[in-house]
Amino acid sequence: MTFVDTHCHLDDTRGADLHEVIAAATAAGVAAMITVGCDAATSQAAIDIAGRFPGVYATAGLHPHEARHGVDSITPLLATPGIVAVGECGLDYHYDNSPRDLQRAAFAAQVELAAELGLPLVVHTREAWADTFDIIDAGASPPAVIFHCFTGGPDEARACLDRGGFLSFSGIVTFPSATDVQAAAVLCPADRLLSETDSPYLAPVPHRGRPNRPAYVTDVVAALARLRGMPLAGTAEAIARAARAAFPALAGVA
């Protein structure tokens, strides 16, 4: 059985040995891990890690928290061979670590870059759905838009899907209180359904309270299978197929 972690941060293992973290994921059946950049330093780290480990892929992007640094800080890294997506980028109105006008400008610029480069776009949105959709609708069209760590409900899910987006579910979908997210996971078509850990954050049940790891994506997929009333193997296969569609660089993943 093949699992895919479409979003993790392998530059931050919370002190665990990186080789051991990746080996544990491989042993669990995780055939591909996309390690995601949030600024120039973490994007470069993602590139370096992907270059060292088979089955690990890298993105480069500017997270809304880091928007004050400007998109020019990560643009050169997007020319690196092997980059599989632009992002994560988007809007975060919960923390407002960067001013909202700078967040919107950086997000819009990365939408355009993804379209120009023919790369998928990895989107982070928190308490900012309306502005997120407005910027996506106003910009050029990347080949795929992945709504990472999807935290909306059915209405937001339908709005993402209407725009051709992919919904990537994290360990949040295993939380008993996350009923809206679970409802969105049930209605999501199989060809738009993705799994992720966002490690080291958001460890799924039964690993709450520990640093998250890519190996735990198996628990996310198991939860999705239960919610959707589908066999685990079939769900994992459908997610791997959707991941290949969202991220063409993963074409060789079983």
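The values are calculated or read from the model by the stated rules, or taken from the named source; none is laboratory data. These numbers come from a predicted model, not from an experiment. Virtual Cβ from ideal backbone geometry, glycine too; neighbours counted across all protein chains shown. These accessible areas exclude ligands, DNA and RNA; they are computed on the full protein's heavy atoms, side chains included. Shrake-Rupley method; radii C 1.70, N 1.55, O 1.52, S 1.80 Å.
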Exercise. How far is it, in nm, from the label point at residue 175 to the one at residue 117 when both lie 7 Å from their Cα along the line to the Cβ?
Worked result: 3.1
Problem set entry | Estimated dipole of the chain in Debye, rounded to 20 [Cβ of Lys and Arg +1, of Asp and Glu -1, Cα centre] | 720
For this session: Report the relative contact order of segment 39-175, percent, no decimals, based on alpha-carbon pairs under 8 angstrom and at least 6 residues apart.
Result: 19
Seminar exercise, completed: Extension length gain for residue 94 and residue 16 (0.36 nm per residue less Cα distance), in nm, is 25.1 nm
Exercise. Calculated FRET efficiency, residue 130 and residue 48, Cβ-Cβ r, R0 45 Å, to nearest 0.05?
Worked result: 0.75
Problem set entry | Where a label projected 7 Å from the Cα of residue 163 along Cα→Cβ would reach, residues of segment 173-210 with amide N under 18 Å | 184-185, 188-189, 192-194
Problem set entry | Value of [θ]222 nm, deg cm²/dmol, for the chain, DSSP H segments ≥ 4, -39500 (n - 2.57) each, nearest 500 | -11500 deg cm²/dmol
Problem set entry | Residue-count net charge about residue 168 - beta-carbon cut-off 11 Å; Lys, Arg +1, Asp, Glu -1 | -3
Exercise. Once you list every other residue whose beta carbon is under 12 Å from the beta carbon of residue 56, what net charge do they have if Lys and Arg are +1 and Asp and Glu are -1?
Worked result: -2
Exercise. Of all accessible surface on segment 1-107 at a 1.4 Å probe, what whole percent is carbon and sulfur?
Worked result: 53
For this session: Please say if segment 179-254 is rounded, prolate or oblate, where rounded means a/c under 1.5 for a ≥ b ≥ c the square roots of the C-alpha gyration tensor eigenvalues, and otherwise the choice is prolate for a/b larger than b/c and oblate otherwise?
Result: oblate
Exercise. Can you give the accessible area per residue of the chain, in Å², using a 1.4 Å probe?
Worked result: 39
Exercise. If Lys and Arg each add +1 and Asp and Glu each add -1, what is the summed charge of the other residues whose beta carbon sits under 10 Å from the beta carbon of residue 213?
Worked result: 0
Problem set entry | Förster radius 25 Å - calculated FRET efficiency between residue 237 and residue 210 (Cβ-Cβ, nearest 0.05) | 0.35
Problem set entry | Amide hydrogen neighbours beyond the local backbone of residue 30, cut-off 5 Å, H modeled | 3
For this session: Quantify, in whole percent, the carbon and sulfur part of the accessible surface of segment 109-156 (1.4 Å probe; protein heavy atoms only).
Result: 48
For this session: Measure out, as a whole number of angstrom, how far apart the alpha-carbon centroids of segment 164-219 and segment 1-25 sit.
Result: 16
For this session: Name the helices (complete DSSP H segments) of the chain with a Cα length along the long axis of 30 Å or more and a Kyte-Doolittle mean of at least -1.0, or state none.
Result: none
For this session: Using only the Cα atoms of segment 1-43, build the gyration tensor, take square roots of its eigenvalues as a ≥ b ≥ c, and label the shape rounded, prolate or oblate: rounded if a/c is under 1.5, else prolate if a/b is larger than b/c, else oblate.
Result: oblate
For this session: Note the direction-averaged projected area, equal to a quarter of the hull surface, for the Cα convex hull of segment 109-193, in nm².
Result: 5.3
For this session: On the protein heavy atoms, probe 1.4 angstrom, tell me the percent of accessible surface of segment 160-236 carried by carbon and sulfur.
Result: 55
Seminar exercise, completed: Given the candidates 31, 9, 61, the one whose Cα lies deepest towards the positive end of the charge dipole of segment 9-61, counting +1 at each Lys or Arg C-beta and -1 at each Asp or Glu C-beta, is 31
Exercise. Can you tell which of 224, 62, 102 shows the greatest fluctuation in a Gaussian network model of the chain with Cα springs below 10 Å?
Worked result: 102
For this session: Could you pull out which residues in segment 117-149 have an amide N less than 13 Å from a spot 7 Å beyond the Cα of residue 105, following the Cα-Cβ vector?
Result: none
